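Inspection log for the structure reproduced underneath, given as structure tokens.
Read-outs: derived from the displayed coordinates by stated rules, not from any lab. Please read all numbers here as calculations on a predicted model, not as lab measurements. As a convention, Cβ positions derive from the backbone with ideal geometry for all residues, glycine included, and neighbour counts pool all protein chains shown.
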Amino acid sequence: MRALVCRKCGQKLSFENSLCLNCHSALGFHLPSRTLLVLPDKAADGAAEVEVDGAAWKVCGNLSTAKCNWLVDTQEGEELCVSCRLTRTRPADDDLDAMAAYADAETNKRRVVLELTELGLPIVGRDEDPATGLAFDLLSSANTQVMTGHADGLITLDLAEGDDVHREQLRVSMSEPYRTLVGHFRHEIGHYYQMVLVGTGENRSRFEELFGNPDDDYQAALDRHYNEGAPDNWEDDYVSSYATMHPAEDWAETFAHYLHIRDTLDTAAAFGMAPAGSTLDSPLPGDVGFDQIIDWWLPLSWALNQINRSMGHQDLYPFVLPPTVLDKMRFAHQLIAPSAL
């Protein structure tokens, strides 16, 4: 995440800001330039537009319902931004608790969509591809059962994951070192990119060498995992115990950790804690690029873990990356940032 400032008064801003707390200017996030723009006085309520490079942009229609501060290109003829349009189902307006959780979920989703955009990954919605396009059902499990997961591009998220107590209880009961909303989005979207990036042919063969056959019986693998747990010494070959369950989950966990690393490095670079070349928009193709990313990441994550411990918190990145896991992550990197050679 880039360091953002108000272009009117110079106040430091967060990615989520729709208002500058210093000069009280309305703000809108312009995805193509990755910047927060100061809006005209009436733009915040949709009554005016802001011009960028000859094009008119307006506030997303989800500003109130989802705390969305993104802008919409008026030429698209849409009321919602590119991130909000990916959501197929949300809670009812009168379900106030669920709507608050929905807004938090959308904020985390926008962060992931921004990272995918900066990495140059294709995002094809259900409107373009009704069968396997990307879409989200953000649902509350307060009154009905909701299973977080992925099916043919459709990602379902239980909004209860936004509740700190609920999520922490699940994290402890499932012996997970890390569980966050943004982590869920990165994991589930990894399943989508398995379809998009791996496909068939040489990539499929390499996938099977590293992860196994993704067509293995999923329900049988699920039953085995929850009945027997992870195999002995799983830490030698997997980034998490959940990754041991099935080849598709191993890929999704690996993909999510790649996104964790890239976004954290990008943010660290924005604040002078990592080299400028580690940003998401830096060309880091092929094996050389991946080696450089890991060379930057290992000392940074160690330092951040020690800082967290100084504050009495759990490690920021409580994971070990053994050689086998790095080989898997290298494969994901090669699909995302192939070498020009």
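Just the isolated ones, please: cysteines in the chain lacking another cysteine beta carbon under 4.7 angstrom.
If one checks each Cβ against the other cysteines of the chain, CYS84 turn up with nothing under 4.7 Å.
Would you kindly state how much longer the chain becomes between LEU304 and GLN75 on full extension, computed as 0.36 nm times their sequence separation minus their alpha carbon distance, in nm to one decimal? It would help to have the intermediate numbers written out before the result.
Values: separation 229, 0.36 × 229 = 82.44 nm, distance 4.34 nm.
Stretched out fully, the LEU304 to GLN75 stretch lengthens by 78.1 nm.
Helix 96-118 versus the longest principal axis of the chain: what is the Cα-based angle in degrees, 0 to 90, to the nearest 10?
With both axes taken from Cα atoms, the answer is about 80 degrees.
What share of all Cα pairs of the chain, in percent, falls into each consecutive 20 Å distance bin?
Distribution as computed: 28, 60, 12, 0 percent.
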